[in-house]
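Q: Handing you a structure now.
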Amino acid sequence: MPFLRFKGFEKEWLQGVSPEIVEEFARIAEIAKEKVKIELLQVEQITNSPLSVEILMFEREQKKHDAIARMIHDVLKPHGFENTHIFFMLLSPSLYYKEGMPLQTKSIR
């Protein structure tokens, strides 16, 4: 945890940039690299929808969210993905369960 879910990207390309994204995300969020999960969503589009990156994580200071979004944008832009939608889905420790128990506030990282 956290989860970075990419939609509309090629698997091989995402695998190539994943190490850089993991490294920088961990640095900004101040967490271990092993906690950062990258996933490629396979969706069937019914209507036109943009490339996107969903970031599921516990809330941080706004400046950290801004820095994470900027870093992802900066990785995507040189590859022609400057119009990718990047958004956060904030999770609550009281509604995130491990072994059937909600996480405690002090262990959200």
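The values are calculated or read from the model by the stated rules, or taken from the named source; none is laboratory data. Bear in mind the structure is a predicted one, so any value in this text is a computation, not a measurement. Positions of Cβ are generated from backbone atoms using ideal geometry, with glycine treated the same way; all protein chains shown enter the neighbour counts. Side chains included, ligands, DNA and RNA excluded: accessible areas come from the protein's heavy atoms. Shrake-Rupley method; radii C 1.70, N 1.55, O 1.52, S 1.80 Å.
Q: On the basis of being touching a Ser or Thr at 6+ places or on another chain (Cβ under 6 Å), aliphatic (A, V, I, L, M) and closer than 13 Å to residue 4 by Cα, does residue 55 make the cut?
A: no
Yes or no, residue by residue, for (1) within 16 Å of the chain's Cα centre (by Cα); (2) of a type outside the set (D, E, K, R):
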residue	(1), (2)
9	yes, yes
18	yes, yes
28	yes, yes
32	yes, yes
54	yes, no
71	yes, yes
87	yes, yes
97	no, yes
101	no, yes
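A quick yes/no check of all residues on (1) touching a Lys or Arg at 6+ places or on another chain (Cβ under 8 Å); (2) open to solvent by 40 Å² or more (accessible area, probe 1.4 Å); (3) free of Cβ contacts under 8 Å to residues at least 60 places away in the same chain; (4) hydrophobic (A, V, I, L, M, F, W, C):
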{"residue": "13", "(1), (2), (3), (4)": "no, yes, no, yes"}
{"residue": "42", "(1), (2), (3), (4)": "no, yes, yes, no"}
{"residue": "52", "(1), (2), (3), (4)": "yes, no, yes, no"}
{"residue": "56", "(1), (2), (3), (4)": "yes, no, yes, yes"}
{"residue": "59", "(1), (2), (3), (4)": "no, yes, yes, no"}
{"residue": "70", "(1), (2), (3), (4)": "no, yes, yes, no"}
{"residue": "86", "(1), (2), (3), (4)": "no, yes, yes, yes"}
{"residue": "94", "(1), (2), (3), (4)": "no, yes, yes, no"}
{"residue": "102", "(1), (2), (3), (4)": "no, yes, yes, no"}
